[in-house]
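Asker: Take this structure, written in structure tokens, and hold onto it; I'll ask about it next.
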Amino acid sequence: MNNVMHLKIVGKPRKKTRARKGKFNNWYNPDAKQMAIDTGQIRMQLPEGFRAIKKGTPVEINIIAFFEPSKTEKTKKFVETIKNENVSYIKKSDIDNITKYILDLFSKIIYHDDNQVYKGCTEKYYSLDARTEIEVKW
């Protein structure tokens, strides 16, 4: 694996939600608008001339999701702790839903299909700056 790319999505880490049935029995993706916004953020960070990683090429993805503390958690002591060390975030959203959102978001942009991803790790931490940092290796 020679190639490595670091990407960042600004804002609260997103999770994959289920398709919903609409008013007239049509199915829709409630993530579609947010995925379009996040896709724009990703495209701006890609190197000029980047093309999706070739089919059949194994891809490794490591995701670190940073969540802001709630208003009740924002005590001076807790904020100082967050600044100085990684504090695990053990609330909703589940890591599998965060991972699935990123895998679906990267499909056709970073790689052709998420079945190319053979290995990955997802972590959740508190931070004063909500974001998702992704490392892609191929």
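The values are calculated or read from the model by the stated rules, or taken from the named source; none is laboratory data. Because the structure is predicted, anything quoted here is derived from the model rather than measured. Quick reminder, even Gly has a Cβ in these numbers, built from the backbone with ideal geometry, and neighbours come from all protein chains shown. The accessibility values were calculated without ligands, DNA or RNA, using every heavy atom of the protein model including side chains. Shrake-Rupley method; radii C 1.70, N 1.55, O 1.52, S 1.80 Å.
Asker: Quick check on the chain: of the DSSP beta bridges with both residues there, what percent are antiparallel, nearest 5%?
Answerer: Percent antiparallel among DSSP bridges in the chain is about 60.
Asker: Also, I was wondering about something else. What percent do you get for the relative contact order of the chain when only Cα pairs under 8 Å and 6+ apart count? It would help to have the intermediate numbers written out before the result.
Answerer: On the way: 217 pairs, mean separation 66.7, N = 138.
That works out to 48 percent.
Asker: Quick one: length gained pulling Asp104 to Ser88 fully straight, 0.36 nm per residue minus the C-alpha distance? Before the final figure, lay out each step's value.
Answerer: Details: separation 16, 0.36 × 16 = 5.76 nm, distance 2.48 nm.
Going from the current span to full extension adds 3.3 nm.
Asker: Would you work out what percent of the accessible area of the range 56-115, with all protein chains in place, is carbon or sulfur (probe 1.4 Å)? All intermediate terms of the calculation are to be shown ahead of the outcome.
Answerer: Details: 1840 of 3540 Å².
Carbon plus sulfur share of accessible area: 52 percent.
Asker: Only four residue types carry charge here, +1 at the Cβ of Lys and Arg and -1 at the Cβ of Asp and Glu. Report the dipole size of the chain about the Cα centre in Debye, rounded to the nearest 20. Walk me through the numbers before you get to the answer.
Answerer: Numbers: 27 positive and 17 negative charges, 126 e Å.
Rounded to the nearest 20 debye, it is 600 debye.
Asker: Would you kindly derive the ³J(HN,Hα) couplings of the range 128-135 from the backbone phi angles with the Karplus curve 6.51 cos²θ - 1.76 cosθ + 1.60 (θ = phi - 60°), listing them in order in whole Hz, with x for Gly and Pro?
Answerer: Working through the residues one at a time gives 7, 10, 5, 5, 10, 10, 10, 10 Hz.
Asker: Can you give me the C-alpha center-to-center distance between the range 49-66 and the range 1-30, rounded to a whole angstrom?
Answerer: Answer, in whole Å: 16.
Asker: What's the FRET efficiency of Gln45 with Asp96 using the Cβ-Cβ distance as r and R₀ = 35 Å, to the nearest 0.05?
Answerer: Working: r = 25 Å, r/R0 = 0.70.
Result of the calculation: an efficiency of 0.90.
Asker: Continuing with this model, one more query. Would you mind checking the pairs Lys12/Lys76; Lys12/Lys137; Lys15/Lys100; Lys8/Lys55 and listing those with alpha carbons more than 18 angstrom apart?
Answerer: Lys12/Lys76; Lys12/Lys137; Lys8/Lys55
Asker: Where only protein heavy atoms count, and the probe is 1.4 Å, what is the accessible area per residue for the range 12-56 in Å²? Could the numbers behind the result be given before it?
Answerer: Working: 3820 Å² over 45 residues.
With all protein chains present, the range 12-56 gives 85 Å² per residue.
Asker: Continuing with this model, one more query. Please go through the residue pairs Lys74/Lys119; Lys71/Lys124; Lys33/Lys71; Lys16/Lys77 and name each one whose alpha carbons sit more than 25 Å apart in this structure.
Answerer: Over 25 Å apart, Cα to Cα: Lys74/Lys119; Lys33/Lys71; Lys16/Lys77.
Asker: Next up: If you take every residue apart from Asp104 with its C-beta less than 9 Å away from the C-beta of Asp104, what net charge results, scoring Lys and Arg +1 and Asp and Glu -1? Don't jump to the answer; show the numbers that get you there.
Answerer: Values: positive: Lys16, Lys100; negative: Asp31, Asp114.
So the surrounding residues net to 0.
Asker: Express in nm, to one decimal, how much length is gained between Ala36 and Asn3 on full extension, taking 0.36 nm for each residue of separation and deducting their alpha carbon distance. Walk me through the numbers on the way to the answer.
Answerer: Working: separation 33, 0.36 × 33 = 11.88 nm, distance 2.58 nm.
Full extension of this stretch gives 9.3 nm more.
Asker: Keeping all protein chains in place, calculate the accessible area per residue for the range 81-122 (probe 1.4 angstrom), answer in Å².
Answerer: Details: 2460 Å² over 42 residues.
Accessible surface, normalised per residue, equals 58 Å².
Asker: Of Gln34, Ile110, Phe50, which is farthest along the charge dipole of the chain in the positive direction, counting Lys and Arg as +1 and Asp and Glu as -1 at C-beta?
Answerer: So the residue we want is Gln34.
Asker: Moving to a separate point now. Please pull out the direction-averaged projected area of the chain, using the convex hull of its alpha-carbon atoms, in nm² to one decimal place.
Answerer: Numbers: hull surface 41.7 nm².
With the hull built on Cα positions only, its mean projection is 10.4 nm².
Asker: Under 15 Å from the Cβ of Asn115, count the other residues' Cβ atoms, weight Lys and Arg +1, Asp and Glu -1, and hand me the total. Intermediate results must be reported in sequence, preceding the final value.
Answerer: On the way: positive: Lys54, Lys55, Lys100, Lys108, Lys119; negative: Glu60, Asp104, Asp113, Asp114.
After counting each charged neighbour, the total is +1.
Asker: Right, next: For Asn115, project a label point 7 Å along Cα to C-beta. Then give me every residue of the range 57-77 with its amide nitrogen under 16 Å of that point.
Answerer: It comes to 57-59, nothing else.
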